[in-house]
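Note sheet for the following structure.
The values are calculated or read from the model by the stated rules, or taken from the named source; none is laboratory data. Remember, it's a predicted structure, so these values are computed and weren't measured experimentally. Backbone-built Cβ (ideal geometry, glycine too); neighbour counts: all protein chains shown.
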Amino acid sequence: MSAMNPNLTYYVDRLQGFSTNIFRLESNSRVTATPNQIITFDLPSNSIVNLRSFKVFCNVQLTGANARMCPINDFVERVEVSVGGIVLAQGSNYMNVLQEMKKVLGVGYCDSVMGHPEYVRATSYVNGATFTDPAPESYADSTDPRFCIENLEGFLSTAEPKLLDTSLIPDLRIRLYMAGVEVLSNPAGVLLTDAAGTLANSIGLDGTADATYTLSNLHAHIECISLFDANYDNMLSSMMSAQGFLEIPYKAYSSFTDTHTGSSRFSVSTASLDKIWVGWRKDGYDVRGGLKRVEGHKITGGFVSPTAGVATDTDVGKPTYDLGGVLDTNKEKYRGKFFNFEQPVAGWGQQIQLNGAYFPQYSAQSGDSYQITKNSLHGNEKMKDMSLDQYLNNFCIQAYRLNLPDSEYSRLISGLDTRAVNLQGIVKTTGVIPANTNISIFTEQTEVLRVGAGRSVEVIS
């Protein structure tokens, strides 16, 4: 007999003895952090913790002429999670780059309230402050945290189930590795450039390259759950008795960066290689300097008064296309150089070689690569919000899916098994690649935390 539609049935389930609360966590290492330092937090023991609820709060102080802040998550370059000294997730270098890659393709996000998702030119949307040349953007209030680092890639955001009983495992520790100063921007000033690019004091021109940062008022919080229900304990005991262990799958990443001259190599050994991510950046991406305008957004006019002593114009001009606003370009929008992804050369092609096999089966040009990426991200609807011009010049990222679509949601491990061969991969391109073009390659794989009796743990990669 077929089940009745839930909209036509009357029922209610009950869970007895449930309670929840939020606990503040202090850093083991420091209450302030500067570039390349490490922040450490220990999660509560003997508790059921909601891993997705882990958040780090802070204030940000910038120094340097016209220094401009990146999205708050970009300050974290690497996330390491360990259990009793055993590393569950080593954490990929350049995790902030991967997070930006995912965000612009719509599979990640940055909170608009406490995440600082957009770059600021003259007026802050955090507190309404106006920054005049050469004032840096800064939020150093010592009592009220302005920003929240959350949704960190890896174990914390992908482990299933997300509610983890820490009584089953040794002490769980999180280390956050802070990024270098290259994630910040140092424009020459706070004005827009005109169409000819002749203004000396411009947000798009490179400035002093002396920006640095301090994170202060650092602390974290996490949700802890109490469950006084014998069914839960009985379920765990039954599973442990039946198979001798519990399994918790999660995503792990490896990173490879190279100066691309036509081919770039990477290698990985894993039971399930799920995706390969590729991003491109132009020469000088890692030098603090001016902001990159997102193609089509405002550039001409604005903020230059034709008459001395007259208040400056608040109309920053018109976009270079889409005057009707269909693509919402009738406004300013910028990217930091470190996180601006741009095609290496017009008319190029791209293909990945995996131990002699090619993916795709032909050298894909830009339009093909975009559609392959879209297919790899399950036809992500958010990608429709960008133009092809923007994709090529600001968001040039490719994703290649190697596992079953949507397998993550059913905890199905279906990616490419490379353990026997230690996969050798090559990203190959056609066309004349400009000197010092950077390629960032990330491999996404599924690993499993196996929990046994007596708090024993094992990582199956």
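Before moving on, here are some points about what is shown:
- Across segment 16-31, the qualifying residues are those that are in a loop (DSSP other than H, G, I, E, B) and touching a residue at least 12 places away in the same chain (Cβ under 8 Å), and the one among them that is nearest to H221 (Cα to Cα) is E26.
- From the options E408, E447, residue that is modelled with pLDDT of 90 or more and either closer than 30 Å to Q243 by Cα or hydrophobic (A, V, I, L, M, F, W, C) (or both): E447
- Qualifying position, being in contact with a helix residue (DSSP H, G or I) (Cβ under 7 Å, 6 or more places away or on another chain), surrounded by 14 or more Cβ atoms within 10 Å (Cβ to Cβ), modelled with pLDDT of 95 or more and polar (S, T, N, Q), among N73, N59: N73
- All of E247, E182 fail the test of being within 30 Å of S27 (Cβ to Cβ), touching a Lys or Arg at 6+ places or on another chain (Cβ under 9 Å) and not basic (K, R), apart from E182.
- Selected residue (only one of I439, I426 is more than 23 Å from the chain's Cα centre (by Cα), hydrophobic (A, V, I, L, M, F, W, C), over 30 Å from D233 (Cβ atoms) and part of a strand (DSSP E or B)): I426
- Filter result (of a type in the set (A, V, I, L, M) and within 23 Å of I460 (Cβ to Cβ)) within segment 80-105: V81, V83, I86, V87, L88, A89, M95, L98
- Residues of segment 274-293 that are of a type in the set (A, V, I, L, M, F, W, C), surrounded by 22 or more Cβ atoms within 10 Å (Cβ to Cβ) and either at pLDDT below 95 or part of a loop (DSSP other than H, G, I, E, B) (or both): L291 alone.
- Leading residue by the ranking (farthest from the chain's Cα centre (by Cα)) among those in segment 317-367 that are surrounded by 14 or more Cβ atoms within 10 Å (Cβ to Cβ) and aromatic (F, W, Y): Y321
- Candidates in segment 163-178 are the residues that are in contact with a helix residue (DSSP H, G or I) (Cβ under 9 Å, 6 or more places away or on another chain) and over 27 Å from P35 (Cβ atoms); of these, the one that is surrounded by the most Cβ atoms within 10 Å (Cβ to Cβ) is I169.
- Test: residue in segment 224-232 that is of a type outside the set (F, W, Y), part of a loop (DSSP other than H, G, I, E, B) and at pLDDT below 95: yes
- Of T132, T166, T123, T208, all but one fail to be without any contact (Cβ under 8 Å) to a residue 12 or more places away in the chain and of a type outside the set (A, V, I, L, M); the exception is T123.
- Applying a threshold of 9 Å to beta carbon distances and a minimum spacing of six or more residues, or different chains, the list of pairs starting in segment 232-255 at a residue that is at positive phi and surrounded by fewer than 16 Cβ atoms within 10 Å (Cβ to Cβ) and ending at one that is assigned to a helix (DSSP H, G or I) and hydrophobic (A, V, I, L, M, F, W, C) reads G244/A453.
- Among (1) over 25 Å from C70 (Cβ atoms); (2) within 17 Å of the chain's Cα centre (by Cα); (3) of a type in the set (F, W, Y), the one test that F266 misses: (2)
- Qualifying residue in segment 390-405 (condition: among the β-branched types (V, I, T), surrounded by 13 or more Cβ atoms within 10 Å (Cβ to Cβ), within 26 Å of V81 (Cβ to Cβ) and modelled with pLDDT under 95): no
- Test: residue in segment 141-151 that is hydrophobic (A, V, I, L, M, F, W, C) and in a loop (DSSP other than H, G, I, E, B): no
- All positions within segment 1-15 that are part of a loop (DSSP other than H, G, I, E, B) and more than 37 Å from the chain's Cα centre (by Cα): M1, S2, A3, M4, N5, T9, Y10, Y11, V12, D13, R14
- First in segment 355-373 and closer than 19 Å to W280 by Cα and free of Cβ contacts under 8 Å to residues at least 24 places away in the same chain, second anywhere and assigned to a strand (DSSP E or B) and β-branched (V, I, T), Cβ under 7 Å, 6 or more apart: none
- Every condition in (1) crowded, with 21+ Cβ neighbours inside 10 Å; (2) more than 30 Å from Y285 (Cα to Cα) holds for R450 except the one numbered (1).
- Of the residues making up segment 153-160, none is out of contact with any Phe, Trp or Tyr (no Cβ under 9 Å at 6 or more places or on another chain), of a type in the set (D, E, K, R) and assigned to a loop (DSSP other than H, G, I, E, B).
- The listed residues are Y125, Y139, Y94, Y119, and the only one of them that is surrounded by fewer than 18 Cβ atoms within 10 Å (Cβ to Cβ) and of a type in the set (F, W, Y) turns out to be Y125.
- The set of residues in segment 316-369 being out of contact with any His (no Cβ under 8 Å at 6 or more places or on another chain), assigned to a loop (DSSP other than H, G, I, E, B) and closer than 24 Å to N186 by Cα consists of V316, G317, G336, N340, E342, Q343.
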